[in-house]
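The values are calculated or read from the model by the stated rules, or taken from the named source; none is laboratory data. For clarity, every value in this text was computed on a predicted model and none was experimentally measured. Neighbour counts run over all protein chains shown; Cβ positions are idealised from the backbone, glycine included. Protein only, heavy atoms only, side chains kept; ligands, DNA and RNA dropped before computing areas. Shrake-Rupley method; radii C 1.70, N 1.55, O 1.52, S 1.80 Å.
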Amino acid sequence: MSILEMKVPSPGESITEVEIATWLVKDGDYVEKDQPIAEVDSDKATLELPAEQSGVITLKAEEGDVVQVGQVVCLIDVDAAKPEGSAPAAEAPKQEEAPKAAEPAKQEAPKPAPAAPQSYATGSPSPAAKKILDEKGIDADQVSGSGRDGRISKSDAELAAVPAMGGSSLTATGARSTTTTKLSVLRRKIAQRLVSVKNETAMLTTFNEVDMSEIFRLRKQYKEEFAQKHGVGLGFMSFFTKAVTRALKLYPDVNASIDGDFKINYDFCDISIAVSGPKGLMVPVLRNAENMSFANVEGNIKDLAVKVRDGKITVDEMTGGTFTITNGGTFGSMLSTPIINPPQSAILGMHNIIQRPVAVEGQVVIRPMMYVAMSYDHRIIDGKESVGFLVAVKEGIDNPVEILLGGDEKRGLGL
């Protein structure tokens, strides 16, 4: 018999352990080569673990276990024969036996029933509980105790309802259950990073608003032609990404990070795009976004978003990034303060688009407006740079034809 030991592969540099989030197969199942058998959480991403060979699998770790990279998590008997199509029928008798085993329990269940109905407490209230009940004017016999032998505790007395006129006094009868779930490695890491940002950076936020009228016009006028030529839709993110890369060139200190007593400036724009996935918010990176066309930006964002939602995003695709864009508007957010994605020094928050009255050349008109917010690390970015950067983004969104498309909208969109 040939047994293959499957070990946890390294998800990426600096990652030494992962958590078994979910087994996608059961102990004793027959698995095919490259079939996803588990989802594992690292502190950066959730990844699928594929079977290295076909055979019968034996699990050596449980869901929730934290295992080291290189540790054996399952065995595969590669000599085991694949079950025939008739295999499931052999399990039928088990399903028929189950009801028989349950029948005696159903017959015996009514026996203890006479002792079950007990609406009122069998024990006396504690001194603290008695004082509260006296203050409320509630008879202890009308309160159900949760303590030993029905003893009424202080919390029971506090929850006891004062009887309505002509009514009776009873404790709350609604569902009061709780569920405790262990946070995944990824969620715990996100929590640590968010707290560290608040504690270790001098984070401030500046706000502005942008007029989406021209972008609405361009998308309406060219969306079909753009989709036919490039095979991808013309969305808002490409305009904001191009506006951000332009602003980063104008204000290079925003495109920087701090390392101890040193500031690191980047001459490239790797833009992290926040994408919501089943395991939480992921931030895959557009490398050298400053050199991308509108179609390249839209195509890359689409590909990365699909990978995030399918759980196929890699650690390398989320590593790095010099600036982040997050769009809370997709969930209806009107205004929020985004948190910096370390070690970056700034993040742009987009929000929902609302038709609002605004003053244009002395006249009140209705325009599709969006609030934008930029959070930044004041240790290396001054107020002048932060405000100037956000104004530069606003200029690109308010007037995309002249500023982002070079004055030729068709050519600028690659049409």
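Looking at the P(r) of the range 299-415, how many percent of alpha-carbon pairs lie beyond 20 Å?
Summing the P(r) tail past 20 Å for the range 299-415 gives 60 percent.
Leaving ligands, DNA and RNA out of it, rank PHE236, PHE294 by accessible area with a 1.4 Å probe, largest first.
PHE236, PHE294
What are the trypsin sites (Lys or Arg not before Pro) within the range 16-88 that DSSP puts in a loop, where the Cβ has at most 11 other Cβ atoms within 10 Å?
LYS26
Please give the solvent-accessible surface of VAL275 in Å², to the nearest 10, using a probe radius of 1.4 Å with every protein chain present.
So the heavy atoms of VAL275 present about 10 Å² to solvent.
Using a 1.4 angstrom probe on the protein heavy atoms only, line up THR46, THR330, THR314 by accessible area, largest first.
THR330, THR314, THR46
Per 0.36 nm of contour for each residue apart, how much would the distance between LYS33 and LYS220 grow if the chain were fully extended, relative to their Cα-Cα spacing?
Between LYS33 and LYS220, full extension yields 62.6 nm more.
Suppose the chain between THR22 and ASP316 were pulled fully straight at 0.36 nm per residue; how much longer would it get relative to their current alpha carbon spacing?
Result for the pair: 103.6 nm of gain on full extension.
Taking only protein heavy atoms and a 1.4 Å probe, what accessible area per residue, in Å², does the range 273-331 have with all protein chains in place?
In whole numbers, the range 273-331 has 44 Å² accessible per residue.
Obtain the nm distance between the two label points defined at PHE268 and LYS229 by a simple spin-label model: each point lies 7 Å from its Cα along the Cα-to-C-beta direction.
In this crude spin-label approximation the distance works out to 2.8 nm.
Just the number: Rg to Rh for the range 262-307, Cα atoms, Kirkwood Rh, two decimals.
Taking Rh as the inverse mean 1/r over Cα pairs, Rg/Rh reads 1.06.
Suppose the chain between ASN291 and ASN399 were pulled fully straight at 0.36 nm per residue; how much longer would it get relative to their current alpha carbon spacing?
Gain on stretching ASN291 to ASN399: 36.9 nm.
For TYR251, TYR222, what's the largest-to-smallest order of accessible area, 1.4 Å probe?
Accessible-area ranking of TYR251, TYR222, largest first: TYR251, TYR222.
Could you size up the charge dipole of the range 1-83 around its Cα centre, putting +1 on the beta carbon of Lys and Arg and -1 on that of Asp and Glu, and report it in debye to the nearest 20?
Dipole size: approximately 220 debye.
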